[in-house]
Structure formats: structure tokens, C-alpha cells
Amino acid sequence: MESGPSKVAEIIAGWLVPPACREEILGDMRERYRSGLRYFLEAAHLIPCVIFSRICRTTDAVLALMEVASLYTAFVIVAKYFDPVLILGRSGFARLAIPPVIVLATMSLADAYSVPQRRWPLKPLVAPTLGFAVAYTEQSMYRQWSLPPSVFAWGSGTGLLLVSTLRLEFPSIADQPQAAHAPAFWQKLELVPLSLSPKNVLVPCGILLAVILYLLGR
Amino acid sequence: MLASLGHFEQIILTAILSLRDEAYGVTIHEKAIQLAAPKNISLGAVYVTLDRLEDKGFISSCLSGSTPQRGGRSKRFYRLEALGERALEESAATAKRVWETVAEVWGDFAEGVRRRPKWSPVRPR
């Protein structure tokens, strides 16, 4: 009789492991199978590591910074026009930062789980749309931190437009063509790697601050 | 100037080098455990390091070789690239120099006896 994990365990593990590395990870886990409990423990330790590694590979730090800055600016501008009291109120800027952070986290996860082989023209729009759907769910669940409906709706619309444009212009690493036997390193060379020097951090923050101060001063 | 290798990266690259055409997740993990003994190494850490090394261009990978033992799933085989060979060479040279210096002071480790000199500092007058 063939010894191996149960079908249900394998289906759950397969669902959790990102598709790009599913084949080899599930194969390795099956090869190392000793008992159901050990399989479960190994999966509980292995899968978070694999997801983390996949996020590191598919997320481009420069693009992520551009996306989050665009989203935050969109929400701040929309709040300035639709509900100026929100910006002046207590923790107004912090509340405006919640949807961009949620959208960015969801987009990173969506990129990690995207299948590199499947491509279609509107694929870059899937992750941002999913991100805003998750942000909307969060806003409906936690009312004390939620934004006014008009600010959220217009902010999401503007943010979606900006992020989608960015993604169509600079496709994420997961969506770029994968050459056979070519190390991923050479593909990443096309983009400028982010170094966390003071210049790289301070310049975007300075631009964002100037925009916010201008909006507040009007 | 090559990027310097971490201790764990050295272990993984050495495992791939020694396994030659049989270097995939499970075998690399087993070899890494042997090399890092008595430390234990998790399979997750091996995958994270393999991905990082591939991104740095030190290794490359390809899918092939499914077996019934793996439920018909393929293995991802890893191969050392020229850049990885050079980085490992540099690390090995550094390790050799460290080894020679330590052996010079403490004596030969090969016999399993570590002759550590007594600590007797002489204060300058």
C-alpha cells in the first residue's frame, strides 16, 4: 500500500503554497512524509517561509514605494476636497493611511500567488482591485477607523486609476517573461535595486510632505 | 567585487556543489544538516536561501524528474553558476586562512584534541 499524506491534507497544503513553487514543494513534502502529524508540523513551518520568500521575490521595493505614495496622496487630496475636517481632526492622517497599507499588503500577497505562466492584458489590474475589495471589507468591519464613504469611494477610484497605470507601465517581476534556465537575478537587473540610503527615503517623503503642506495651506 | 556569502549560504552552496546532478530540495537539506552538525536546519530556511541565491545569480534551477515516490510531482534541480563558484572559492579561501591561523595557535584539530593555551596576559610596565 502506498504511504503518503491524505488527499485533504495535500489539497489544503497545495492551496496554501504559491503556485509558482507548488510542484516542487509538495513533491518534497511528500517524499519526506513519515506520518500525518509530522506532515502537518512540517507544513506549518515550511509554508510561511515559502510565502515570505515568494513575496521577497515578486515584490519590487521601488514599485511598492511608488504605489503606496500614489495611494496615500490620492486619499489625502480626496479628503481635502470632500471632508477637510477629517484631515484636521485627531489621527486623520493615520486613518487615511489604513486603506493604502491594506491595498499594498494585499497586492504583495496577490503577486506572490499569481501564476507567471498565465498572462492576459488586464492581469495587472487584478491585484489592485482585490486590494481595494479587502480595504472595503476592513472599512465596513472597523467603523471607528473607517473613512467617510465619499472619501473612501473617490480615494479608491483615484488610487485604483493611479496604481493600475503604474502596474501597466512597470509590470511586477512575477508578470515579466521568465527565460528558461535564466536566474531571476538577471531579470531584476532591468529595474534599479532599492538601497535604503537617506536620499532614497527622504526625497519621496519630502515630496509627499510638500504636497500635504500645500493642500493644508490652501 | 562579489557579494560576500553568509555562513548559511556557504553551507547551501557547498551542498549543491557536492551533490552535483542530484541537488534538489530534499537532498540539499539532508546534506546541509550533515555540514552544519550539530546545528539543526529547517527545510523552510533552505528554500528561502535557495531563492535568495538564485536571485543573486549564484545558482540556477530547472524542473524535471518526477517519481511515483513524490506523487508524480517534479523536482527542482539546482546548479552552481560561475558567479556562485567564484563566491564559494573566495569564501573557502577566507575560511582556509582562518583555519590555518587558528591551527597555528591552538595546534592541530585533526587529532580531536584542542590544545588551548592558558590565558596568562603580561601587563605592560
**OP:** Would you be able to say whether some residue in the stretch A:82-99 is modelled with pLDDT of 90 or more, under 14 Å from the mean Cα position of the chain (by Cα) and away from every other protein chain (no Cβ under 14 Å)?
**Re:** yes
Original post:
Got a number for residues in the stretch A:88-104 being part of a loop (DSSP other than H, G, I, E, B) and at negative phi?
Top reply: 2
Original post:
Would you pick out the residues in the stretch B:18-48 that are polar (S, T, N, Q), outside any helix (DSSP H, G or I) and more than 7 Å from chain A (Cβ to nearest Cβ)?
Top reply: B:ASN40
Original post:
So A:ASP60 clears everything in (1) within 14 Å of another protein chain (Cβ to nearest Cβ); (2) at pLDDT 90 or above; (3) more than 25 Å from B:PHE77 (Cα to Cα) except one condition, right? Which one?
Top reply: (2)
Original post:
Which one of the conditions (1) buried (at least 20 other Cβ atoms within 10 Å of the Cβ); (2) facing chain A (nearest Cβ under 7 Å); (3) touching a residue at least 12 places away in the same chain (Cβ under 8 Å) does B:ASP51 fail to meet, given that it meets all the rest?
Top reply: (3)
Original post:
Among the residues of the stretch A:23-42, is there at least one that is within 13 Å of another protein chain (Cβ to nearest Cβ), assigned to a helix (DSSP H, G or I), in contact (Cβ under 8 Å) with a residue 60 or more places away in the chain and out of contact with any Asp or Glu (no Cβ under 9 Å at 6 or more places or on another chain)?
Top reply: no
**OP:** Take the residues in the stretch A:105-157 that are part of a helix (DSSP H, G or I) and in contact (Cβ under 8 Å) with a residue 60 or more places away in the chain, then tell me which one is nearest to A:LEU71 (Cα to Cα).
**Re:** A:GLY155
Original post:
Can you find even one residue in the stretch A:4-22 that is aromatic (Phe, Trp, Tyr) and touching a helix residue (DSSP H, G or I) at 6+ places or on another chain (Cβ under 7 Å)?
Top reply: no
Subject >> In the stretch A:130-155, residue surrounded by the fewest Cβ atoms within 10 Å (Cβ to Cβ) [restricted to those that are modelled with pLDDT of 90 or more and of a type in the set (Ser, Thr, Tyr)] >> reply: A:THR137
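The values are calculated or read from the model by the stated rules, or taken from the named source; none is laboratory data. From a predicted model like this one, the values you see are computed outputs, not experimental measurements. For neighbour counting, all protein chains shown are included, and Cβ atoms are generated from backbone atoms with ideal geometry for every residue, glycine included.
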